[in-house]
Each structure stands twice: as C-alpha cells, then as structure tokens.
Amino acid sequence: MTELDVGAVVAGTVSIIPRLGAIGLFVDLGGAPQGFVDVLSLPRQATDWPPVGTKTTFEVLTRSPKQIRLWPLDPRFRAGPFDNGVSEDEWQARKARYPVGVSLTAEVSDTYISDGSYLVRYEGGWSSMEGQGEPPEVGTRAEYEVVSHLDTTRRTLLRPAGT
C-alpha cells in the first residue's frame, strides 16, 4: 500500500474551511492533491470542527487525480463511528471468512462514470473499487482478491484477481 492508497493512514493539516458547518474542510497532505473531509463526516456542531492549522491523522476513503477523500481518525473530529453498519461480531466473522489473500466472486452493483470507480458486492459485504478508465457494466461478475481489512471503517479492500 502506498502513502495515499485507499485505506492508508495519513497525517495532514487542516488548511481551508470554506464555509464553517456547510461543506467540509480541506487538508494539506504535503503535496497535491489535497485532502477533503465531507461535512457529513464532521461533528454536527461546527464549533467542534478542527480549526485551520490542526494536525491530525485520517484514513483515505477514496481518491481521484484531483482529490483525496478522508475520514478523521480522531473521534473528536468526526460525526460518530463509521462502521458501515457492521457490528463488531459481523466484522470479526467477515475477516475470518475472507482473510487477506483469499479470492472471492463479486458482482458490480454501482458504477460512477465521473471517475470510473465502482462498487462490488459479495456474500456478506461490499467494496469500493478505484477507477481504471471506464467501469465494468453493472451485473458483471469477476474474481477479486482480499488485500486488507480496515478496522476503523470496517471495510474490506479488494483488487481484481491476478493484478
């Protein structure tokens, strides 16, 4: 995993808050592209948002050539748990059923033409896939390999098998 791959933990400094309480905030990650934390990921009370200049850590949720979407790892700076609706028991069972390195069959359920990313669903879970051009058609089934498990956000990262 490289420094800005989905699932990576990165350090950053809050650099811009365009409209406190309305949009989200931008994070300087030490180069381009910059990071962004969506308003829905931040505390409801804007006064609880980290002020400009705050240095903290984030998990990379998604990335595109122009922007890195981030999840604050410091609980003070987020809306609440981001467990994707997966209980601790369900999460532990999923990790045991699909250990790192195992292959599984998943089906494309959603595509996003804007950046070529797509979602795949498999028995007991789903994963977001980064765009590599035009996304596959919805309904396409393929083999994927489990790359890692992200405990903070209870996500399983996959990659197309054989890549």
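Among the residues making up region 112-146, those that are open to solvent by less than 80 Å² (accessible area, probe 1.4 Å) and not in a strand (DSSP E or B) are D115, G116, G124, E130, G131, G133, P135, P136, G139, T140. For region 73-86, the criterion of a residue being of a type in the set (A, V, I, L, M), closer than 27 Å to Q34 by Cβ and open to solvent by 50 Å² or more (accessible area, probe 1.4 Å) is satisfied by at least one position.
The rows are residues; the columns are (1) part of a loop (DSSP other than H, G, I, E, B); (2) surrounded by 13 or more Cβ atoms within 10 Å (Cβ to Cβ); (3) in contact with a Cys (Cβ under 6 Å, 6 or more places away or on another chain).
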position: V6; (1), (2), (3): yes, yes, no
position: V10; (1), (2), (3): no, yes, no
position: P18; (1), (2), (3): yes, no, no
position: F26; (1), (2), (3): no, yes, no
position: G31; (1), (2), (3): yes, no, no
position: L40; (1), (2), (3): no, no, no
position: T47; (1), (2), (3): no, no, no
position: T56; (1), (2), (3): no, yes, no
position: I68; (1), (2), (3): no, yes, no
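Within region 74-106, track down each residue that is of a type in the set (A, V, I, L, M, F, W, C) and either at pLDDT 90 or above or in a strand (DSSP E or B) (or both).
F77, W91, A93, A96, V100, V102, L104, A106
For region 91-110, check the following and say yes or no: at least one residue is polar (S, T, N, Q), within 13 Å of the chain's Cα centre (by Cα) and under 25 Å from V10 (Cα atoms). No: region 91-110 contains no residue that is polar (S, T, N, Q), within 13 Å of the chain's Cα centre (by Cα) and under 25 Å from V10 (Cα atoms). For region 147-163, filtered to residues that are β-branched (V, I, T) and closer than 26 Å to R78 by Cβ, the residue that is most open to solvent (accessible area, probe 1.4 Å) is T152.
The values are calculated or read from the model by the stated rules, or taken from the named source; none is laboratory data. It should be emphasised that the depicted structure is a prediction, and the values quoted were computed from it without experimental measurement. Note: ideal-geometry Cβ built from the backbone for every residue, glycine included; neighbour counts use all protein chains shown. Note: areas computed on protein heavy atoms with side chains; ligands, DNA, RNA excluded. Shrake-Rupley method; radii C 1.70, N 1.55, O 1.52, S 1.80 Å.
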